[in-house]
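The values are calculated or read from the model by the stated rules, or taken from the named source; none is laboratory data. Just so it is clear, the structure is predicted and the values come from calculations on it, not from any experiment. Note that each Cβ is placed from the backbone with ideal geometry, even for glycine, and that neighbours are counted across all protein chains shown. Note: areas computed on protein heavy atoms with side chains; ligands, DNA, RNA excluded. Shrake-Rupley method; radii C 1.70, N 1.55, O 1.52, S 1.80 Å.
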Amino acid sequence: MKSNRPETPHQAALLRLLQEGPRSRAALADITAEPVTAVSPVLPPGAAYPYPWRKAPWRMSRSKLNAELDRLVELGLVETDGLAASRGGRRSGRVRLARDIRFAGIDIGATSVDIAVTDGELTVLGHISEPCDIKRGPAHVLDRVLTLTGKLREQGLFTQLHGAGIGVPGPVSFAEGVPVVPPIMPGWDRYPLREMISQELSCPAMLDNDVNIMALGELHAGLARQVDDFLLVKIGTGIGCGIVVDGKIYRGVSGSAGDIGHIRVDELGPQCACGNTGCLEAYFGGAALAAQAHIAARSGASPYLAERLVATGTLTAEDVAAAATQGDAAAVQLIRDGGRRVGQVLAGLVSFFNPGLVIIAGGVARLGHVLLAEIRSVVYRRSLPLATGNLPIVLSELEDTAGIVGAARLISDHVYST
């Protein structure tokens, strides 16, 4: 198992800086320069100004910087990359993350598995996916994960992984690396998925729920790159919310923070997969929307869906989206009703959390701007004006790659830490 990790907080900080791309030693010295002292009429002579950034643990002298970079080269995590352009004197040497660093991002969904291999900077080098029913149990899904990962290995994308990040569509004990009573994952309770992946791929592994890894993907490569506090709402087979505070995932005490799909919106509503009634997910998760589409088709309320049902024998959220684009009134109403209920829950979250951005993602989110317009309308109308005055609510632009990039980011954060 690959075991090289940074040995100090300084080394970990340098790896995170280099994750953004190669840099010269001089540029890194500019970023990590120790604070200077100054004379002040308020502070004692020689005291440093008390700016918060001066307490950053990665501030270091130039000699310390070079020593830490040299050690990272010895560990095989960093390598030299030629000379930088001259800044008026001797040209500084460039450094970059080692070219052979490889991470696997594994996004296990309710109905599919996506796997990607990235380099150390989390550039996707290869991506493969296939339909896979999570209800078939962990043994079957694990077999598919290993088979697909093997195909990426056969393509020459890696010989050794430095780590694997995994997302699953259910509650996860982050500390233990196991799913815990996941409503749509029968047979998965307490299954040691993190341990099994780590053993099979001979590398460190980290497990989180799918919404959190999607939020990490947005933080790294999506619309949230410049936002420290945001919410990512995934509307798919299930409904969940990734919460990012100060640039980090907030998981709560036991790892269940953000499970908004099981917030009750109507105590007299339909039964949910979790066993309760009236949950948001029971109204607008993928399965709920498909069930409503069947009703609309069979009742004659939606001619488009009725024709589709005859042709295929089943209906999905994608069929509802297609019907709406054709102007089907019943399909449009289903989307608006769902968006209204999502907006009701989200309005409370916005007033409570006051995020800088809300991203709507997931398979059902592909219903598009009819859904987005309804969510925005409810949130902007019902949340506090101070919370919504400058709040963008947008659709994700990463689509299928948010989860795999986020899973790779999850494990890279672990590997690039002490």
Checklist line | Inter-part distance where segment 1-30 and segment 188-226 are each reduced to a Cα centre, Å | finding: 22
Check: Here are several values of P(r) over Cα pairs in 10 Å bins from 0, in percent: (i) 5, 20, 27, 23, 15, 7, 3, 1, 0; (ii) 4, 18, 22, 20, 15, 11, 7, 3, 0; (iii) 5, 22, 33, 27, 11, 2, 0. Which one was derived from the coordinates shown?
Finding: (i)
Next item on the list: Could you tell me the distance between the Cα centroids of segment 59-100 and segment 257-312, to the nearest Å?
Entry: 56
Notebook entry, point to check: Going by accessible area, probe 1.4 Å, with all protein chains left in place, what is the ranking of Leu372, Leu83, largest first?
Noted result: Leu83, Leu372
Next item on the list: Rounded, prolate or oblate: pick one for segment 140-250, where a ≥ b ≥ c are the square roots of the eigenvalues of its C-alpha gyration tensor, a/c under 1.5 means rounded, and failing that, prolate if a/b is larger than b/c, else oblate.
Entry: oblate
Checklist line | Relative packing of peptides 316-322, 406-412 - highest average C-beta neighbours within 10 Å first | finding: 406-412, 316-322
Check: What are the residues whose amide H is under 5 Å from the amide H of Val178, where those residues sit 5 or more places off or on another chain and H is modelled from the backbone?
Finding: Ser173
Next item on the list: Enter the accessible area per residue of the chain (Å², integer; probe 1.4 Å; all protein chains in place).
Entry: 45
Item checked: Folded to 0 to 90 degrees: helix 210-221 orientation relative to the chain principal axis, Cα -> 50
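Which order, highest average first, do 382-393, 133-144 follow once you tally other Cβ atoms within 10 Å for each residue and take the mean per peptide?
On the way: 382-393: 14.2, 133-144: 15.7.
Going by the mean number of other Cβ atoms within 10 Å, highest first, we get 133-144, 382-393.
Quick check: net charge around Val113, other residues with Cβ under 14 Å of its Cβ, Lys/Arg +1 and Asp/Glu -1? Numbers along the way, then the final one.
Values: positive: Lys135, Arg136, Arg144, Lys151; negative: Asp107, Asp114, Glu130, Asp133, Asp143, Asp210, Asp400.
Around Val113, the charge tally is -3.
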Next item on the list: Using amide H atoms built 1.01 Å from N in the peptide plane, name the residues 5+ places from Leu395, or on other chains, whose amide H lies under 5 Å from its own.
Entry: Ile360
Next item on the list: Note down the magnitude of the dipole of the chain about its Cα centre, charges +1 on Lys and Arg C-beta and -1 on Asp and Glu C-beta and zero elsewhere, to the nearest 20 debye.
Entry: 1160
Margin query: Taking amide H atoms as placed 1.01 Å from N in the peptide plane, list the residues 5 or more away in sequence, or in a different chain, whose amide H sits under 5 Å from that of Ile239.
Written below: Gly261
Check: Can you give the accessible area of Thr314, probe radius 1.4 Å, in Å² rounded to 10?
Finding: 70
Checklist line | Largest-first ordering by accessible area, 1.4 Å probe, given options Tyr380, Tyr250, Tyr416, Tyr283 | finding: Tyr250, Tyr380, Tyr283, Tyr416
Notebook entry, point to check: Over the heavy atoms of Thr111, what accessible area does a 1.4 Å probe trace out, to the nearest 10 Å²?
Noted result: 90
Item checked: For Met60, solvent-accessible area (1.4 Å; no DNA, RNA or ligand), Å² -> 10
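Mind giving me the FRET efficiency for Lys135 and Arg264? R0 is 30 Å, r the Cβ-Cβ distance, nearest 0.05 is fine. Intermediate results must be reported in sequence, preceding the final value.
Numbers: r = 25 Å, r/R0 = 0.82.
Plugging the Cβ-Cβ distance into 1/(1 + (r/R0)^6) gives 0.75.
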Item checked: Shape call, segment 317-418: gyration tensor on alpha carbons, a/c limit 1.5 -> oblate
Check: Hey, what number do you get for the chain at 222 nm if only DSSP H runs of n ≥ 4 count, each worth -39500 (n - 2.57), divided across all residues, to the nearest 500?
Finding: -12500 deg cm²/dmol
Note to self: What does the net charge come to around Gly150 if you take all other residues with beta carbon closer than 15 Å to its beta carbon, with K and R at +1 and D and E at -1?
What the structure shows: 0
Notebook entry, point to check: With θ set to phi - 60° and the Karplus curve 6.51 cos²θ - 1.76 cosθ + 1.60, what are the ³J(HN,Hα) couplings of segment 277-287 in order, to the nearest whole Hz, using x for Gly and Pro?
Noted result: 10, x, 5, 4, 5, 5, 9, 9, x, x, 5
Next item on the list: For helix 329-353, report the angle its Cα long axis makes with the longest principal axis of the Cα atoms of the chain; keep it between 0 and 90° and round to the nearest 10°.
Entry: 40
Checklist line | With every protein chain in place, the chain: carbon and sulfur % of accessible area (1.4 Å) | finding: 52
Next item on the list: At a 1.4 Å probe radius, which order do Phe174, Phe103 fall into by accessible area, largest first?
Entry: Phe174, Phe103
Next item on the list: Give me the angle, in degrees from 0 to 90, between the Cα long axis of helix 401-415 and the longest principal axis of the Cα atoms of the chain, rounded to the nearest 10.
Entry: 40
